[in-house]
Amino acid sequence: MRVAFIGLGRMGSGMARNLLRAGHQVDVFNRSAEKAEALASEGARIAGSPADACRDCHAAITMLADDAAVESVVFGSRGVASTLEQDAVHISSSTISTALARRLDVEHLKRGQRYLSAPVFGRPEAAESKKLIVVAAGPDETVERCDALFDAIGRQTFVAGREPWQANAVKLCGNFMIAAMLEAFGEAFATLRKGAIDPHLFLNVMNTLFASPVYANYGRIVADREFEPAGFALKLGLKDARLVLAAAEECESPMPLASLIHDHLLAGMAQGQAEMDWSSVAKVVARNSGLEG
């Protein structure tokens, strides 16, 4: 397939590279040109704008930081929607609000275009090694048409439903679960450190109980307090906490733990941790325990 890929951050670069490795023709656009140039040697064509990247493509994938970035790229004067051909597909792999997903669906439909939400679970190293979990949602025929693209970037695809926003709800609730785990590790490790107990011993016990790579990887990061460089910045974690609370309000479903996590992430922002990994929420908990100034 001919694919436009827009947004070549640490996640997007790996995803675009795997599309090239799978034999797809990939046109790339990124605001920072050097990130696009890194893929040119691997066969990607560098586009001068989102519209240029989307010209004659079968599918356009956006992997961007937040709602504002997606709106700008899709609806701008040289945006995705202005050029995407009728019946071509916009696949948003960004972690965005359920409200924006619904708007994208409506706006593309007006233009005779198709839309899918397909956010992914995994850190940059998973994106590079094709180990992402893809959660897609949209009309069955459109999802099936894009199966080869999902297979190229991830190890497994789940279909959340026929409405694109449903995939975003899964992604936001999934990130909430990961954040809740980080909060739990932060609280447990703070207590253990105050009791002069090695956090790594505790982590070994937890790995025996849960046998999860997510627990193992994040548990090690928190135990070692290796919060830089960030795999996923705390400021983005705060954005996702806001979005899951907004989705919960839409569904009239209280999420009191998400509110607590939101406040701890906000405290991390106030304490200069915006660019640290979101697991550095453990530093907030540690400070509350009197362990760090």
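Each reported figure results from applying straightforward, stated rules to the coordinates on display, with no laboratory input. On a predicted model such as this, the values are computed, not experimentally measured, just so you know. As a convention, Cβ positions derive from the backbone with ideal geometry for all residues, glycine included, and neighbour counts pool all protein chains shown.
Details
- In units of the compact-protein estimate 2.2 N^0.38 Å, the stretch 2-162 shows a Cα radius of gyration of 0.92.
- The ranking of TYR115, TYR215 by Cβ neighbour count inside 10 Å, starting from the fewest, reads TYR215, TYR115.
- A Cβ-based charge dipole, computed about the Cα centre of the chain with Lys and Arg at +1 and Asp and Glu at -1, lands at about 300 debye.
- Sparse packing (at most 15 other Cβ atoms within 10 Å of the Cβ) combined with a DSSP loop state is found for the following GluC sites (Glu not before Pro) in the stretch 1-66: GLU42.
- Plainly put, the chain has a radius of gyration that is 1.00 times its Kirkwood radius, both from alpha-carbon atoms, as the Rg/Rh ratio.
- Between the listed residues GLY231, VAL3, CYS57, the Cα displaced farthest toward the positive end of the dipole of the chain, a dipole computed from Cβ unit charges relative to the Cα centre, is found at GLY231.
- Highest-fluctuation residue, MET255, MET276, MET11 considered, GNM on the chain with Cα pairs under 10 Å: MET255
- DSSP beta bridges confined to the stretch 2-162 are antiparallel in about 10 percent of cases.
- For the chain, the relative contact order is 14 percent, taking Cα pairs closer than 8 Å that sit 6 or more residues apart in sequence and dividing their mean separation by the residue count.
- Judged by the mean number of other Cβ atoms found within 10 Å, the most tightly packed of the peptides 256-265, 160-169, 16-25 leads the ranking 160-169, 16-25, 256-265.
- Placed amide H near HIS90: partners under 5 Å, 5+ positions off or other chain: ALA60, ARG114, TYR115, LEU116
- When the chain is treated as a GNM with alpha-carbon contacts under 10 Å, the residue of ALA216, ALA51, ALA101 showing the greatest mean-square fluctuation is ALA216.
- For the stretch 187-259, GluC sites (Glu not before Pro) meeting the loop criterion (DSSP other than H, G, I, E, B) and having at most 15 other Cβ atoms within 10 Å: GLU226, GLU252.
- Over the stretch 119-255, Cα pairs under 8 Å with separation of 6+ residues give a relative contact order of 20 percent.
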